[in-house]
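Just below is one structure, and these are the notes that go with it.
The values are calculated or read from the model by the stated rules, or taken from the named source; none is laboratory data. None of these values were measured; they are calculated from a predicted model. Cβ atoms come from the backbone with ideal geometry, glycine included; neighbour counts cover every protein chain shown. Just the protein is used for accessible areas: all its heavy atoms, side chains included, with ligands, DNA and RNA removed. Shrake-Rupley method; radii C 1.70, N 1.55, O 1.52, S 1.80 Å.
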Amino acid sequence: MEMAQMTGAQTTGAHRRLALKFVGSGSEYFRIWIVNLLLTLVTLTLYYPFAKVRRLRYFYAATEVGGQPLSFHADPWKMLRGYLLVGLMLVLYGVAGKVSPTAGLLAFVIVALVWPALWHSSLRFRLANSGWRGLRFRFTGTRGGAYAALAPGFVAAAVLVGLSATMDVRPGAPDPSFTPTVMALALLPLVFMLMAPWLLWLLRRYQHRHYALASEQTQFSVPLRSFYGLALRVFGLGLLVSLVAGVMVAVLFPVFRALAGGGDPTRALSFIALLPLLVMLVLVVVFQLALRPYVTSRSQNLVWNGTRSEHISFDSQLRFWPLLRLTLKNWFFMVITLGLYFPFAAVATARMRLEAVQVLTRSDPEELLATLATHEEAAAGDAAGDLLGMDIGL
């Protein structure tokens, strides 16, 4: 029991729990954040990789697992290389799209062929530069696995880009309103919406099946139906939020119209013309404030409770209502401080999300650490063997 207290572990049944604790403060992070922001603006975003390293080092060092902090060791110059490469790809894609639809389609194909390899390299880079108690994490997924996880999304996007490229939008062209191409384009948003849970499941499965610490490697046991179940609940909550927002707009509309019109028909017509934009703005804000905390809490619990290795598992109990209250508080203070409260909001959110998670081990943490340390040297060499050394910001 004394050793468990020293390592921050608690014994529960056959498992020992390592609590996650976040010891950072908003005032500390504010100094890092404001310098990062100013230097990123002055350098026209070229400082962004260096800012990212400073931010990650702070948040990692402020996150304690079993009383011991995490660490981040990445070289920002290597991250700059990945950042510039991705920036160049996006610029070329944007330019190609303006030259011609065919050039845009070709540029999209090139990006689709390169992006999974970059994503795979980024995951390996991030994990290889993350550590705990002298041990380095690893990502063991293959590049082929990254292509398999991203392929369905890219295929659907390629269909969208290809259909757009075949549309004749030249002056004098026939009205395309009811052509098969336009009808297919109209149905694609529905197809994307139906595919979204599957695509997210593929991404999370690829990531959470390949996290490793020395000889420990995670598996992912969350079935696809759980992602579709979460999507259905989010959809239902979205309908409810939309209904409430619509009722509020209908009730307040006469008041707003009277205030905007003031007896002047021209002002009243202007207000009515702007009403759809105001409704969309209200919906976006309400969805951000209500739906995002729900999705965050449910998806974190779903994914991490289904992630485990031979001796390690996770217990995430992030609750929606406390996260909703924190989100409302954060947005309120960010609005009245014109965004300067953001570092305090980021720290408060990180603390709530991290401290809702506990790491469960089947053996004594010190014994597990000793076992992992014996496998660390070989594992670290394997991690460095296929590392491009760049982070694309994912």
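Look through the stretch 59-81, keep the residues that are over 19 Å from the mean Cα position of the chain (by Cα) and farther than 28 Å from residue 363 by Cα, and return whichever of them is least open to solvent (accessible area, probe 1.4 Å). Here the answer is 74. Tell me, please, whether a residue that is modelled with pLDDT of 75 or more and part of a helix (DSSP H, G or I) can be found in the stretch 253-266. No, the conditions are met nowhere in the stretch 253-266.
The single condition among (1) in contact (Cβ under 8 Å) with a residue 24 or more places away in the chain; (2) closer than 21 Å to residue 59 by Cβ; (3) not in a helix (DSSP H, G or I) that residue 339 does not satisfy is (1).
Looking only at the stretch 305-330, count how many residues are assigned to a loop (DSSP other than H, G, I, E, B), farther than 16 Å from residue 352 by Cα and charged (D, E, K, R). Qualifying residue count for the region: 1.
Being farther than 27 Å from residue 132 by Cβ, modelled with pLDDT of 95 or more, part of a helix (DSSP H, G or I) and not hydroxyl-bearing (Ser, Thr, Tyr) is the requirement here; does residue 333 meet it? Against the criterion (farther than 27 Å from residue 132 by Cβ, modelled with pLDDT of 95 or more, part of a helix (DSSP H, G or I) and not hydroxyl-bearing (Ser, Thr, Tyr)), residue 333 qualifies. Selection over the stretch 208-227 of residues that are on the phi < 0 side of the Ramachandran plot and either in a loop (DSSP other than H, G, I, E, B) or open to solvent by less than 30 Å² (accessible area, probe 1.4 Å) (or both) gives a count of 13. Of 230, 203, all but one fail to be in contact (Cβ under 8 Å) with a residue 12 or more places away in the chain and either outside any helix (DSSP H, G or I) or open to solvent by less than 30 Å² (accessible area, probe 1.4 Å) (or both); the exception is 230. Within the stretch 109-127, the set of residues being open to solvent by less than 30 Å² (accessible area, probe 1.4 Å), hydrophobic (A, V, I, L, M, F, W, C) and out of contact with any Phe, Trp or Tyr (no Cβ under 7 Å at 6 or more places or on another chain) comprises 117, 118, 119, 125.
In the set 43, 12, only one residue is modelled with pLDDT under 95 and either farther than 17 Å from residue 75 by Cα or open to solvent by 40 Å² or more (accessible area, probe 1.4 Å) (or both); that residue is 12. Of the residues making up the stretch 10-34, those that are of a type outside the set (S, T, N, Q) and part of a helix (DSSP H, G or I) are 26, 28, 29, 30, 31, 32, 33, 34.
Take residue 302 and tell me if it is under 21 Å from the mean Cα position of the chain (by Cα), over 27 Å from residue 31 (Cα atoms), modelled with pLDDT of 95 or more and not in a helix (DSSP H, G or I). No; evaluated as a whole, the condition is false for this residue. Restricted to the stretch 18-40, and to residues that are among the hydroxyl-bearing types (Ser, Thr, Tyr) and under 24 Å from the mean Cα position of the chain (by Cα), which residue is surrounded by the fewest Cβ atoms within 10 Å (Cβ to Cβ)? Looking at the filtered set, the residue picked out is 25.
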